[in-house]
């Protein structure tokens, strides 16, 4: 059973919000226990094996970095993580009470993996500069291993989200960066517009993390979140999970004066 720490108090939320707005990132250590991180890590490796067996090679970086997509419906622990009270509290503060999830994936940086390119997250990379001020999206990095300088921890350029644009090729090289080093079970929150990359993994062991992105409800999600769980699977789940998966967003039917909600196969009347 996942032991969920209580949602953050207002003082801590103020501190997280300040850092996300000013620096573009904030780390909270030991949100879950090492045992819970190991359980999630084992679930990730099982999904990797299934992907490979089914011919789904979502790898890049010379084949040394691998992504597992659409994990919410693939193991119960991911359903619990995506709606963790600490995570939801942060993104409701930053993105509104009606926040939704955009993606929830696993990312493995293997031994010898090169540095990832400096980039920004969706939807910013799909937008023309200058971006709107304020937060549209945010990333949640779950550390299922210790994140260290040596094993390819995520690096950010502090304050770069305030440029309201993507980095030009080579522009971030040489700028002062902050490397997100923290123990297994910690979470890093980032502003979606911050310039960031994974660092090279110089060790002999893979570094495993989860990436949970959250959007303002007016931003179309990157993954098809509403269909990651069937109606039957979702029936016994929380209202928070239904909201995050986009099941509570009303679609207006003006001809009939009714609203509709998404299901796993289509729409239903509210």
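Extension gain for the segment residue 69 to residue 268, taken as residue separation times 0.36 nm less the Cα-Cα distance, is 69.0 nm to one decimal. Springs between Cα atoms under 10 Å define the GNM used for the chain, and in it the highest mean-square fluctuation of 98, 231, 62 occurs at 62. With neighbour counts taken as other beta-carbon atoms within 10 Å, the residues 146, 9, 253 rank, fewest first, as 9, 253, 146. The stretch between residue 17 and residue 164 holds 51.1 nm of extra length on full extension. This uses 0.36 nm per residue minus the Cα-Cα distance. For the pair residue 42 and residue 173, the difference between a 0.36 nm per residue extended length and the Cα-Cα distance amounts to 43.7 nm. Every helix of 4 or more DSSP H residues in the chain counts as -39500 (n - 2.57), and over all residues that averages to -6500 deg cm²/dmol at 222 nm.
Since every read-out is calculated from the coordinates, none of them should be taken as a lab result. All figures in this text were calculated on a predicted structure; none of them were measured in a lab. Every residue, glycine as well, gets a Cβ built from its backbone with ideal geometry; the counts of neighbours run over all protein chains shown.
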